[in-house]
Amino acid sequence: MHIAFDPRLRVAGPLQALDARCKVLAFFALVACAASVPAPSWRAPVAFLGAATLLLLVSRIPLGAALRRLLFLVPVVLALAAVVPFAKAAGGEKVALWTGGPMVPRQGLLVLWNVSSKALVGLLCAIILAGTTGVPRLLEAFERLCVPRVLVLTMSFIHRYAITMQEELARMKRARDARGWRGRWIWQAGTLGSMAGTLFLRSYERGERVWQAMLARGYRGKLIGPSSAPLRLLDVMFVVWMLAAGLAIRFLVR
Amino acid sequence: MTAPAIRVSALTFRYPDGTRALDDVSLEVAPGERVALLGANGAGKSTLLLSLNGLCDPGGRVEIGGTPVGSRNLPEIRRRVGLVFQNPDDQLFCPTLFDDVAFGPRNLGLGEEEVQKRVHEALHRVDLATLEEKPSFHLSYGQKKRAALATVLSMQPEVLALDEPTSALHPRARREMIALLRTLSCALVVATHDLEMARELCPRAVVMARGRIVATGETSVVLADTKAMDEAELL
């Protein structure tokens with residue numbers, strides 16, 4: 001289950017108590033600073049990763065849950081690792097990957113580290129933001145921060161229907177496994193194909209009924225959360241602190 | 001004279017595949033009256049409930065408390081008509097039970113204090129007050145059924161349209177649901193094929209078959225009308 005959808009991960013913590021709008025702005029500032037680090041730098045990405053890890057610890061999000069979500073990045077990094085170090089093969093100093101191992105351009109390795117670490121910082125920040133805020137408050141914050149409504153609505157429906165599809169899939173898997181399906185043979189792959197088709201149709205129909213249930217209770221295209229409390233000095237200071245930390249790492253760490 | 005809670009005249013509706021779901025249906029329900037809508041699967045009961053809330057647009061006329069249902073007054077109609085779906089999983093879609101029960105009142109534009117008051121009242125009424133922070137998908141089926149009812153009770157409707165409120169409930173949960181529904185003062189239209197519940201809960205019954213009303217009257221008399229019950233495939 002996505003970290004933002006899973007209320008079991010909701011724990012009390014200092015970040016959880018902050019205003020959602022300020023958290024969105026603060027994390028956006030940190031990620032923007034991290035993303036703007038020039039390619040040859042390796043110390044600044046380390047500092048940004050350190051800052052993001054510190055925030056994860058402060059957030060009190062269960063570390064196992066956060067690490068499992070970080071695994072999404074593994075295929076991306078592997079794909080980059082297969083291409084990026086060799087993209088700048090022409091010229092430049094070459095280093096051995098290990099003693100007696102293949103020689104790769106140092107510049108290429110730096111670029112790979114730079115790109116991967118930025119992706120990691122971005123994902124960590126997304127996990128912390130989602131895990132400490134929850135989807136309804138996040139959507140409300142986006143709306144108040146004047147994110148285009150069509151985007152906010154799209155995100156809200158992804159939220160609704162992701163859970164719906166997950167439940168439908170769980171039911172179908174139960175029904176499949178109860179009848180002895182073991183997925184061992186190639187000819188059993190057809191079952192997965194028909195499950196995917198059925199999942200789409202069932203989710204579509206369920207989605208229609210959920211939509212009707214929303215309309216029946218007066219939904220008019222706007223998700224209304226509890227009205228936000230006024231901004232406190234602490235909320236504003238969090239944005240300032242995160243922006244200052246991001247800028248300091250960006251420009252002072254060489 | 002007080003306007004009826006529901007007045008439905010000459011309703012006709014066909015689904016896009018040509019299935020005739022409602023065929024010249026007319027019905028009146030007085031304020032506070034409890035009416036059972038009996039019929040087999042596909043008889044048109046659910047479509048009739050959807051049209052009370054403006055969720056389907058049949059030919060004919062639907063009035064709620066004297067106000068005709070139309071695209072201009074849908075927010076007002078949806079405040080006045082609470083619709084509870086047969087499958088509670090369709091009705092419960094928010095991260096927590098509290099958010100689900102607060103969804104309707106928030107859409108009404110009520111202040112947070114009033115929203116909280118109504119949510120607590122509604123959850124207390126269905127005996128789920130201790131579970132408000134629990135995600136709906138962690139509730140038992142019986143709790144989900146009661147939670148679905150709370151999601152509309154918090155909107156304080158004048159009419160409650162319930163689709164199979166006792167389906168798939170174990171005997172005690174079924175009895176508790178019936179007892180709970182008896183305490184409500186708003187008009188109730190209950191689509192069901194639970195004939196015993198109809199007898200216990202509703203003084204009046206309407207029998208539907210193939211989109212038409214085939215019998216209406218005092219519940220005990222209607223249930224004894226073997227010709228109508230047979231036509232509605234309820235015997």
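Taking the accessible area of chain B, probe 1.4 Å, and keeping the other protein chains in place, the carbon and sulfur fraction comes to 49%. In this structure residue A:155 has an accessible area near 70 Å², from a 1.4 Å probe over the protein heavy atoms.
Annotation: aspartates and glutamates with alpha-carbon distance below 20 angstrom to residue B:134 (same-chain offsets under eight excluded): A:6, A:167, B:89, B:90, B:99, B:100, B:112, B:121. Filter the cross-link list A:222/B:45; B:45/B:227; A:222/B:144 down to pairs whose alpha-carbon distance in this structure exceeds 28 Å. Pairs exceeding the cut-off: A:222/B:45. The Cα-based radius of gyration of the stretch B:130-235, divided by its Kirkwood radius, gives an Rg/Rh of 1.02.
Normalised per residue, the accessible area of chain A is 55 Å², obtained with a 1.4 Å probe and no contribution from ligands, DNA or RNA.
For residue B:114 and residue A:93, a Förster radius of 60 Å and the Cβ-Cβ distance give a FRET efficiency of 0.30, rounded to the nearest 0.05. The Cα center of the stretch A:106-140 and the Cα center of the stretch B:85-117 differ in position by 33 Å. Of interest is the spacing of the C-alpha centroids, which for the stretch B:1-73 and the stretch B:188-224 amounts to 15 Å.
Extension gain, residue A:251 to residue A:145: 0.36 nm times the residue separation minus the Cα-Cα distance gives 35.4 nm. Taking amide H positions as modeled 1.01 Å from N, with prolines and chain starts lacking one, the residues under 5 Å from residue B:34 and 5 or more places away or on another chain are B:188, B:204.
Each residue was assigned an accessible area with a 1.4 Å probe, and for residue B:170 the value is about 110 Å².
When the P(r) is computed for the protein assembly as shown, the part past 29 Å accounts for 60% of the Cα-Cα pairs.
A helix-only calculation puts chain A at -23000 deg cm²/dmol for mean residue ellipticity at 222 nm, using -39500 (n - 2.57) for each DSSP H run of at least four residues, averaged over all residues.
Legend: translational diffusion of chain A by Stokes-Einstein, Rh = Kirkwood radius over C-alpha pairs, 4 °C, 1.567 mPa s; D = 60 µm²/s.
Each Cα pair of chain B feeds into the Kirkwood radius, which the Stokes-Einstein equation turns, at 20 °C and 1.002 mPa s, into a diffusion coefficient of 119 µm²/s.
Coordinate range of the alpha-carbon atoms in the stretch A:149-216 per principal axis, descending: 47, 23, 14 Å.
The values are calculated or read from the model by the stated rules, or taken from the named source; none is laboratory data. The model shown is predicted, which means the values in this text are computed figures rather than measured ones. A quick note on method: Cβ atoms are made from the backbone with ideal geometry, for glycine too, and the neighbour counts reach across all protein chains shown. The area values use the complete protein model at the heavy-atom level, side chains included, leaving out ligands, DNA and RNA. Shrake-Rupley method; radii C 1.70, N 1.55, O 1.52, S 1.80 Å.
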